[in-house]
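What follows is a short report on a single structure.
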Amino acid sequence: MSRPFLAWLGGIVGTVLCCEMMFQALPVSTSTETGYYIDPVILSYPPHQTWVTSTGWDLRNVQRHKANNAGFLSKHDFERNPNAVALIGDSFVESSMLPPEDRPGPQLERALGGRPVYAFGCPGSSLLDYAERIRLATEKYSIRDVVILMERFDLRQSLCGSGSIHGPCLDHQTLQLRTETREQPGLAKRMLRHSAFAQYLFSQLKLNPERLWQQAIVQSRPAVLSQQAIVATTNTVPSMEVLDRVASTFFDRIRGRIAGNLVIVIDSDRAALYRKQLIVAPARTRFIASARAEGAKVIDTELIFGAQLQHSALKLDVGPYDGHLNRLGIAIAMGAAAIQLH
């Protein structure tokens, strides 16, 4: 092996080690170790796991977290309590980029005058996953009242292969329910989880080797083929029939489980609201109608956020880099949910 090559290899290794030591001292997002610890189709953190989150290359919104006894980022440990409220959703419920007191669970609890709120939030999940957490909340913890904070794309993300599935999903071709659980990480990925430099590349910079490879393949093809690929990816909006089946499957799976109130808070196209544009969302409108027909109390945030923006220029997002609800947006949404539970 030649001396120049050894010198080059030594330089690479030395640089990586220096980067690792530097990022170990910084608040880089750490591995969350998510897995199926409490249920075969419900993803959670290891109970009592601690981890750090931050946003972007410059490590904004640093927060240090600890999971509760059930593996969720919630103010309370979960125990049987019919008086508690289950708050269910994805990263909108978890809101790990915000201080604990600003997150949906604590804000809803304050709006309810101190009634305990159990936050069953987990990122990268969708509507049919919420049905499984409703099962867990009502069967294991005897919870009667449920609030769901829905992200705008929860219906389409419930289709198998969306990348936002923890367990049950709907096959968009057969319209049959099947299960799509996350694969356990291999040895290499488990090792990289403990590298601060690797976490910075993948969590902060969102470096995705698979996506980079796919982009390289597309760019290497003739322009006409690349354009066809772009058209193919933009024409993937599910039909109304498929989205209706997702909604009916969800209500079939929760029917008879909730002894008290079901409140569904549905996020809206806030970017359009800021621009005062007319919003046309037939699938969303149909879901709201079907949810009300099933007895749910639905809060359409398009109305309450629109009313807020009529007399205030304050945005409701965490920032231009993060479309999650900020403290004000959460306060408006959870305040409306609390009214429905009083």
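The values are calculated or read from the model by the stated rules, or taken from the named source; none is laboratory data. Not measured: the values here are computed from a predicted model. Cβ coordinates were reconstructed from backbone atoms using ideal geometry, including for glycine residues, and neighbour counts include every protein chain displayed. For the accessible areas, the whole protein counts, side chains as well, though only heavy atoms, and no ligand, DNA or RNA atoms are used. Shrake-Rupley method; radii C 1.70, N 1.55, O 1.52, S 1.80 Å.
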Residues that are closer than 25 Å to Arg193 by Cβ, among the hydrophobic types (A, V, I, L, M, F, W, C) and touching a helix residue (DSSP H, G or I) at 6+ places or on another chain (Cβ under 7 Å): find the strands (runs of 3 or more DSSP E) completely inside the range 1-119 holding 1 or more of those. 42-44
Within the bounds of the range 284-301, is there any residue that is open to solvent by less than 40 Å² (accessible area, probe 1.4 Å), touching a strand residue (DSSP E or B) at 6+ places or on another chain (Cβ under 8 Å), assigned to a loop (DSSP other than H, G, I, E, B) and of a type outside the set (A, V, I, L, M, F, W, C)? no
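Given the criterion modelled with pLDDT of 95 or more, in contact with an Asp or Glu (Cβ under 6 Å, 6 or more places away or on another chain) and either open to solvent by 30 Å² or more (accessible area, probe 1.4 Å) or not aliphatic (A, V, I, L, M) (or both), identify the matching residue among Asn81, Asn68. Spell out the reasoning first.
Values: Asn81 fails: in contact with an Asp or Glu (Cβ under 6 Å, 6 or more places away or on another chain).
Of Asn81, Asn68, the one residue that is modelled with pLDDT of 95 or more, in contact with an Asp or Glu (Cβ under 6 Å, 6 or more places away or on another chain) and either open to solvent by 30 Å² or more (accessible area, probe 1.4 Å) or not aliphatic (A, V, I, L, M) (or both) is Asn68.
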Do you know which residues across the range 305-328 are touching a helix residue (DSSP H, G or I) at 6+ places or on another chain (Cβ under 7 Å), open to solvent by less than 40 Å² (accessible area, probe 1.4 Å), within 24 Å of Thr55 (Cα to Cα) and not hydrophobic (A, V, I, L, M, F, W, C)? Asp317, His324
Hey, Leu212 modelled with pLDDT under 85, in a loop (DSSP other than H, G, I, E, B) and of a type in the set (A, V, I, L, M) or not: no
With respect to Ser248, determine if the residue is loosely packed, with under 15 Cβ neighbours inside 10 Å, outside any loop (DSSP other than H, G, I, E, B) and touching a helix residue (DSSP H, G or I) at 6+ places or on another chain (Cβ under 9 Å). yes
